[in-house]
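The values are calculated or read from the model by the stated rules, or taken from the named source; none is laboratory data. Computed from a predicted model, the values in this text were never measured in an experiment. Note that we place each Cβ from the backbone using ideal geometry, even for glycine, and neighbour counts take in every protein chain shown.
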Amino acid sequence: MHLLQTSRAQRGSMMAISLIKRAVLIVVLTATAFAADLQSQLEALVRAHHGQAAIYARHLKTGASVAVNADTPVPTASVIKLAIMVTAFDLAHAGKLSLEEKLALTKENQVSGSGILGALTPGLQITLGDAIVLMIQLSDNTATNMVIDRLSVAAVDQKLTAMGEKNTWLYKKVMKPAEGPMPSDQPKFGLGKTTAREMADVMASIERCDIGDAALCKRMIEILKGQQNRDAIPRYIEFADTSERPSMIANKTGSLDAVRNDVALVYTAGGPIVISAFTWDNQDRSWTPDNQGALLIGRMAQAILQAWAPAAVKPSAAGSASNAVPVTAAAPGTPKN
């Protein structure tokens, strides 16, 4: 009787182990299938686009990633302003500057394109911190030039090099000629150059708080959540009025006539997801919310969220930003935006 009971117990234990193994295999196969499906979806979207596109995304909690043309050098347009902000906050943490120090608006730095400072009276003084807010949230080109004057182009590039970025560079001030020796590709890329993978790492460094100051990192994310351009990554995954409550998407856009870019941290209940998307040589050069580059980035972001955070995204009809859906809350030319 004892041997019979032992045998039954062993068989039961073996069956339980077999069921667990089968369940694990199903989970692995399902995850693999989802990953392959997401990759194929993004590749199909890129192929259908009338222009060039690159994307890199990574779930910062699970480590899942997806990439299409992620190491192709691309024009940054105003997305390079993200690196300028990171450099400024790093120098503030090091005590080499203060975000409260005053900068004077000069006629020399006033340029056209996105922003408001170009229309204001020279002599106005604002803090460095406020200039950074304008640079990110309104993509203010004049504010950007003021910040670059305070930091220097070289300081930004030194910071990027220290971060390990090999193909990300700020080349010059906005709508100003490049100064000093420049790489031969500067005329091709204009304001700056990057790759989708490297700019994703720059954005992820803020979430990791690589500069080592939690309060400053929190402030950078708050500034990015106030981004006013919601036409690309947030397009189909957010519908909240972000003027009344904080967005759960912290992003920086960049646009030229034939370029639409967006890089974001998307906060979901399952953890943050970084999405870095670039389009260039676009046939659609219109300056409308429904520009095809912006629509492509919106669709790619939606596909990523549906694969990695399905509870955060509901299916939406094709069309304008009014069809956007909620994200689940959790603890070379003139750059116009």
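The residue that is farthest from residue 99 (Cα to Cα), among those in segment 135-155 that are surrounded by fewer than 24 Cβ atoms within 10 Å (Cβ to Cβ) and charged (D, E, K, R), is 149. Would you check if residue 65 is surrounded by fewer than 18 Cβ atoms within 10 Å (Cβ to Cβ) and polar (S, T, N, Q)? It is true that residue 65 is surrounded by fewer than 18 Cβ atoms within 10 Å (Cβ to Cβ) and polar (S, T, N, Q).
Among the candidates 99, 105, the residue that is more than 22 Å from the chain's Cα centre (by Cα) and either among the acidic types (Asp, Glu) or more than 27 Å from residue 200 (Cβ to Cβ) (or both) is uniquely 105.
Of 64, 70, all but one fail to be aliphatic (A, V, I, L, M), at pLDDT 95 or above and farther than 30 Å from residue 257 by Cα; the exception is 64.
Name the residue that is surrounded by the most Cβ atoms within 10 Å (Cβ to Cβ), counting only residues in segment 189-204 that are within 18 Å of residue 260 (Cβ to Cβ) and not hydrophobic (A, V, I, L, M, F, W, C). Once the filter is applied, the top-ranked residue is 194. Yes or no: residue 213 under 13 Å from residue 86 (Cβ atoms), of a type in the set (Asp, Glu), surrounded by fewer than 20 Cβ atoms within 10 Å (Cβ to Cβ) and at pLDDT 95 or above? Spelling it out, residue 213 is indeed under 13 Å from residue 86 (Cβ atoms), of a type in the set (Asp, Glu), surrounded by fewer than 20 Cβ atoms within 10 Å (Cβ to Cβ) and at pLDDT 95 or above.
The set of residues in segment 113-153 being of a type in the set (A, V, I, L, M, F, W, C) and in contact with a Gly (Cβ under 9 Å, 6 or more places away or on another chain) consists of 133, 134, 135, 136, 138, 143, 153.
Give just the number: which of (1) under 16 Å from the mean Cα position of the chain (by Cα); (2) within 22 Å of residue 220 (Cα to Cα) does residue 54 not satisfy? All conditions are met except number (2). Take the conditions (1) within 29 Å of residue 249 (Cα to Cα); (2) surrounded by fewer than 17 Cβ atoms within 10 Å (Cβ to Cβ); (3) basic (Lys, Arg); residue 159 misses just one of them, which is (2). Please indicate, with yes or no, whether at least one residue in segment 311-334 is farther than 25 Å from residue 194 by Cα, in a helix (DSSP H, G or I) and modelled with pLDDT of 55 or more. Yes, that holds for at least one residue.
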